[in-house]
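Following: one structure in C-alpha cells, then a few remarks.
FYI, it's all coordinate maths here, none of it is from the lab. Quantities reported herein were computed from a predicted structural model and do not represent experimental measurements. Note that each Cβ is placed from the backbone with ideal geometry, even for glycine, and that neighbours are counted across all protein chains shown.
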C-alpha cells in the first residue's frame, strides 16, 4: 500500500516502532509520524523526491528533534511543591482564592504595561522568542534583522521586566 511513493506498511510498522522506541510513548510517536507526513507533503509539492521512504525517515527524525526541543521548554510540576491554595483531592474542584486571583491579575497588568511601553520591534522580538519559543536565529530570519539586534531587543525587554519585578516585590 503506497501513498505519494511512501510504503505505508513500512511507515506504520518499522518507522513508527523506531519512533516509539525513541519517544517511549506510542502516542507521541504517532504525532511525530503525522507531523513528518505533513512536512513530506509540503516538500513534495516544491520538488520531486527521489527516495520518499528515506526522505520521510529523515523528516521524522527532524520532527522528533523539534518535539524534544519544544518539550524542553516545559517542566513538570513537582508533586510536593504545590501551592497552598491548590487542592489535589480527586473530588475537589480547582478554586483559587479571590485574593490569589486579584494578585495574579495585578501582576499580569503590570507585565502588560511594561510590554506596552517597549518599542514595537523590541516587543515583537520578545513575543517571538519568549512567548512563542522561537530561537534567536529564527526570530532574526523572520524579522529580517541580525541576531545581535535580536539579542539587544531581548536584553532590553528582560531588563525592563526585571526592574519591574524588583519594584513589585518591594
Query - Contact order relative to length of the chain, as percent, for alpha carbon pairs under 8 angstrom and 6 or more apart - result: 13
**Report entry** Förster radius 41 Å - calculated FRET efficiency between residue 73 and residue 100, Cβ distance, rounded to 0.05
**Finding:** 0.95
Query raised in the report: Is the shape of segment 2-71 best called rounded, prolate or oblate, per the rule: a/c under 1.5 gives rounded, else a/b larger than b/c gives prolate, else oblate, with a ≥ b ≥ c the square roots of the Cα gyration tensor eigenvalues?
Result: oblate
Query raised in the report: With a ≥ b ≥ c the root eigenvalues of the C-alpha gyration tensor of the chain, is it rounded (a/c under 1.5), prolate (a/b larger than b/c) or oblate?
Result: oblate
Report task. For residue 50 paired with residue 138, estimate the spin-label separation in nm (one decimal), with each label point 7 Å from Cα along the Cα-to-Cβ line. Result -> 3.0
Requested in this report: Just subtract the alpha-carbon distance of residue 162 and residue 17 from 0.36 nm times their residue separation and send over the number in nm, one decimal.
Outcome: 47.6 nm
Query - Extension reserve of the residue 58-residue 131 stretch, reckoned as 0.36 nm per residue once the Cα distance is removed - result: 23.4 nm
Requested in this report: Take the alpha carbon atoms of segment 89-160, find their center, do the same for segment 4-60, and report the distance between the two centers in whole angstrom.
Outcome: 34
Query raised in the report: Is the shape of segment 100-169 best called rounded, prolate or oblate, per the rule: a/c under 1.5 gives rounded, else a/b larger than b/c gives prolate, else oblate, with a ≥ b ≥ c the square roots of the Cα gyration tensor eigenvalues?
Result: prolate
